[in-house]
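The values are calculated or read from the model by the stated rules, or taken from the named source; none is laboratory data. Predicted, not measured: the structure shown is a model, and the values here were computed from it. Here the Cβ is made from the backbone with ideal geometry for all residues, glycine too, and neighbour counts use every protein chain on show.
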């Protein structure tokens, strides 16, 4: 099995603000006008974007939300736990991977808070994230631990573990 370092070098991954490493690999040339999108989108958007994303054990992708649906695809490595708090406050742990307990594909709905981590010691996950309408940092919100805990006190433990 290749190491996380191998993939970071091969794919030229950089540090991501939410945690882990990434590289944008696709941005559609088709642009959707702002008027055709939801009120949560802060301008026109490319129809679709896609990144490589790598997360090692001991790192985490902090809870955040975006204005678009995000589709996760497992490529290599161990399973990844993706924690989603939907707009109704329901917490779901999705398992992305190729083990019998996992799924190679996970979808996260627009507006949900979500964060992730590789939970097995000495493991990592290389996956892809596709966003449609395309990702833009203008639609990205990193969670504040105290504010998210106040909204969802029943989930305080995982919120504390996946926020900075």
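Okay, residues lined up against (1) in contact with a strand residue (DSSP E or B) (Cβ under 9 Å, 6 or more places away or on another chain); (2) buried (at least 19 other Cβ atoms within 10 Å of the Cβ); (3) closer than 21 Å to residue 7 by Cα:
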residue: 56; (1), (2), (3): yes, yes, yes
residue: 60; (1), (2), (3): yes, yes, yes
residue: 93; (1), (2), (3): yes, no, no
residue: 100; (1), (2), (3): no, no, no
residue: 145; (1), (2), (3): yes, no, no
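Output the residues belonging to the stretch 140-163 that are in a helix (DSSP H, G or I), closer than 23 Å to residue 80 by Cβ and either in contact with a helix residue (DSSP H, G or I) (Cβ under 8 Å, 6 or more places away or on another chain) or touching a residue at least 40 places away in the same chain (Cβ under 8 Å) (or both). So that I can check it myself, show each step before the final result.
As a first pass, look at the stretch 140-163 and keep what is in a helix (DSSP H, G or I): 145-151, 153-161.
Applying the additional criterion that residues be closer than 23 Å to residue 80 by Cβ yields 145, 148, 155-161.
The answer is 145, 148, 155, 156, 158, 159, 160, 161.
Looking only at the stretch 99-116, which residues are under 21 Å from residue 135 (Cα atoms) and in a strand (DSSP E or B)?
We begin by selecting, within the stretch 99-116, every residue under 21 Å from residue 135 (Cα atoms); these are 105-116.
Matches in the stretch 99-116: 105, 106, 107, 108, 113, 114, 115, 116.
How many of the residues in the stretch 1-22 are part of a strand (DSSP E or B) and either in contact (Cβ under 8 Å) with a residue 40 or more places away in the chain or surrounded by 15 or more Cβ atoms within 10 Å (Cβ to Cβ) (or both)?
Within the stretch 1-22, the first condition is being part of a strand (DSSP E or B), and the residues that meet it are 14-15, 21-22.
Next cut, either in contact (Cβ under 8 Å) with a residue 40 or more places away in the chain or surrounded by 15 or more Cβ atoms within 10 Å (Cβ to Cβ) (or both) only: 21-22.
So the count comes out to 2.
Which count do you get for residues in the stretch 117-139 that are touching a residue at least 12 places away in the same chain (Cβ under 8 Å) and either in a helix (DSSP H, G or I) or under 14 Å from residue 159 (Cβ atoms) (or both)?
Within the stretch 117-139, the first condition is being touching a residue at least 12 places away in the same chain (Cβ under 8 Å), and the residues that meet it are 117-136, 138-139.
Adding the requirement that they be either in a helix (DSSP H, G or I) or under 14 Å from residue 159 (Cβ atoms) (or both) leaves 117, 138-139.
Counting residues in the stretch 117-139 that are touching a residue at least 12 places away in the same chain (Cβ under 8 Å) and either in a helix (DSSP H, G or I) or under 14 Å from residue 159 (Cβ atoms) (or both) gives 3.
Here is a check on your reading of the model: is residue 134 modelled with pLDDT of 95 or more, farther than 19 Å from residue 86 by Cβ and surrounded by 14 or more Cβ atoms within 10 Å (Cβ to Cβ)?
yes
For the stretch 87-98, what are the residues that are closer than 23 Å to residue 134 by Cα and under 14 Å from the mean Cα position of the chain (by Cα)?
At the first step, the residues of the stretch 87-98 found to be closer than 23 Å to residue 134 by Cα are 87, 94, 96.
The answer is 94, 96.
Are any residues in the stretch 32-54 loosely packed, with under 15 Cβ neighbours inside 10 Å and over 27 Å from residue 74 (Cα atoms), and if so, which ones? Don't jump to the end; show me each part of the working.
Step one: list which residues in the stretch 32-54 are loosely packed, with under 15 Cβ neighbours inside 10 Å, which gives 33-36, 38-40, 42-43, 47.
Within the stretch 32-54, 33, 34, 35, 36, 38, 39, 40, 42, 43 meet the criteria.
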